Amino acid sequence: MSGNKPSTASQHNPPQEWSPSKRWNPFNSYKLLSHVHRWRLIKRGKQIPPPVLITVDPTNACNFGCEWCNAAFVRTHRKGSLSPNALTAIADFLPRWSEDCTSWKPGVEAICVAGGGEPLVNPATAPFIDRVIASGIEVGVVTNGSLLYPVMDTLSHCTWVGVSVDAGSAETLNRLKALPPKKNYFNTIIDNITTLVDYAKRHNNRLGARHPAYGVSYKYLLYKDNIGEIYQAAKLAKEIGCKNIHFRPAGTTWDNVGNTTNAISFTGDEIRVFNEQITKALELDDETFNVYGVTHKFNSQFDAANHFQKCYAVFMTAVLMPPTEKGVQEDSFTLGLCCDRRGDRKLELGSNLDDVEEINRLWGSEEHWKIHDRINIRGECPRCTYQPHNEIYEQVILNDSMTYKFI
């Protein structure tokens, strides 16, 4: 993939992201407007509500080596995991967080279990998920799909499971994820997905419910030469019972912002192929299968489009991660504020904490606001997962550009 910018003649408008009849879907960022009243309470010196969603990274270890990994820094420099005791303490604290906050109830309502690394590498991940779900908090899991089989029952109780396949063939998977060519991980992953879908349906568990959004998602990050396999992957995802397939361009990692050598960019020809492939894939969209080409967080060249002035998303979500270094207390954890900048100490509100109650002291503190004040969006941030959060806060809450009270 060339790092050169295409000429004006090769530029293309963003393709259709999804069927017009399915605009109310899990990837439509307008759903964030439902949290306007919660986010109105984000004010300096005031008690700030717990995030509605947090991410928990059970481990920084991974059995794959994706070329584009946005967590490569922690995977290389912080190889630890959250201990069983730490995960239990976190699971028991989250339902209480809302009880300690008089300004908003309920508090944390959902958890994304991700990484860092491959979350299912940590054997304590499944018991953690079971404990969280038992407390009434919804769980979604992002996984590479290679280790699903032993934890089928746990995963079947989740709201969604996103499997990062990112390929339509074994050859492409092995090449982009640095896997041994003689080991067929691709077939293992496809078999695991098929089994999980069937298990959830047969047991009438949440993941297998007849619901437009719950279920298994075939995740597909666009990178280099996997673009031509979009339709092939979509066809396969539908055949094995996935609820949807989700396409998104890979982005430059936070530690490579400003480094043109390691930047991820797309040529005009590659974007043209994507447009053709996503248009063809959308023909597979029907009442049982959804095709989502999520590009609204990028410009027409799939570059970052961070159209906001300040980052308020650091008050809207959080990442609980393994400790930053060896030699600290075994059951410690790190409280981060941005999944796009895992490993960046500038975005860590508490490192190597050994007491979950510290989260209450730190959340909304002056230390928290100082991190917000110091964030240099233009010079430090990659493509922002929370771009819509920040735009909504600035345009809807601060500026009231939509006069949202006039429904």
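The values are calculated or read from the model by the stated rules, or taken from the named source; none is laboratory data. Small disclaimer: the values here were computed from a predicted structure and weren't measured. Counting neighbours? That spans all protein chains shown, and the Cβs are built from the backbone with ideal geometry, glycine included.
Below are the figures for this structure:
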{"quantity": "Every residue from the stretch 302-316 that is buried (at least 20 other Cβ atoms within 10 Å of the Cβ) and over 14 Å from residue 377 (Cα atoms)", "calculated": "302, 315, 316"}
{"quantity": "Positions within the stretch 338-387 being part of a loop (DSSP other than H, G, I, E, B) and in contact with a His (Cβ under 8 Å, 6 or more places away or on another chain), in sequence order", "calculated": "343"}
{"quantity": "Residue list for the stretch 227-245, filter: surrounded by 22 or more Cβ atoms within 10 Å (Cβ to Cβ) and part of a helix (DSSP H, G or I)", "calculated": "227, 230, 233, 234, 237"}
{"quantity": "Residues located in the stretch 276-288, provided they are free of Cβ contacts under 8 Å to residues at least 40 places away in the same chain and assigned to a helix (DSSP H, G or I)", "calculated": "276, 283"}
{"quantity": "Cβ-Cβ under 6 Å pairs, at least 6 apart or on other chains, the stretch 16-38 side over 15 Å from residue 248 (Cα atoms) and of a type outside the set (S, T, N, Q), far side assigned to a loop (DSSP other than H, G, I, E, B) and modelled with pLDDT under 90", "calculated": "38/104"}
{"quantity": "Where a residue in the stretch 353-366 is free of Cβ contacts under 8 Å to residues at least 24 places away in the same chain and its partner, wherever it lies, is in a helix (DSSP H, G or I) and buried (at least 21 other Cβ atoms within 10 Å of the Cβ), with Cβ under 9 Å and at least six apart", "calculated": "353/359"}
{"quantity": "Residue within the stretch 310-333 that is assigned to a loop (DSSP other than H, G, I, E, B), of a type in the set (Val, Ile, Thr) and over 27 Å from residue 396 (Cβ atoms) present", "calculated": "yes"}
{"quantity": "Residue within the stretch 200-223 that is more than 26 Å from residue 25 (Cα to Cα) and free of Cβ contacts under 8 Å to residues at least 60 places away in the same chain present", "calculated": "no"}
{"quantity": "Which listed residue is part of a helix (DSSP H, G or I) and either among the β-branched types (Val, Ile, Thr) or modelled with pLDDT under 90 (or both), from 273, 291", "calculated": "273"}
{"quantity": "Residue, modelled with the highest pLDDT, within the stretch 70-92, restricted to residues that are part of a helix (DSSP H, G or I) and hydroxyl-bearing (Ser, Thr, Tyr)", "calculated": "88"}
{"quantity": "Answer residue from the stretch 210-226, given it is within 21 Å of the chain's Cα centre (by Cα) and in a helix (DSSP H, G or I) and is surrounded by the fewest Cβ atoms within 10 Å (Cβ to Cβ) among those", "calculated": "224"}
{"quantity": "Matching residues in the stretch 320-362 - criterion: being within 24 Å of residue 379 (Cβ to Cβ) and among the hydroxyl-bearing types (Ser, Thr, Tyr)", "calculated": "324, 334, 351"}
{"quantity": "Matching residues, the stretch 334-362, being within 15 Å of residue 59 (Cα to Cα) and either touching a Cys at 6+ places or on another chain (Cβ under 9 Å) or among the hydrophobic types (A, V, I, L, M, F, W, C) (or both)", "calculated": "335, 339"}
{"quantity": "The stretch 297-308 residues that are farther than 18 Å from residue 30 by Cα, paired with ones that are surrounded by fewer than 18 Cβ atoms within 10 Å (Cβ to Cβ) and charged (D, E, K, R) (beta carbon under 9 Å, 6 or more apart)", "calculated": "301/5; 303/5"}
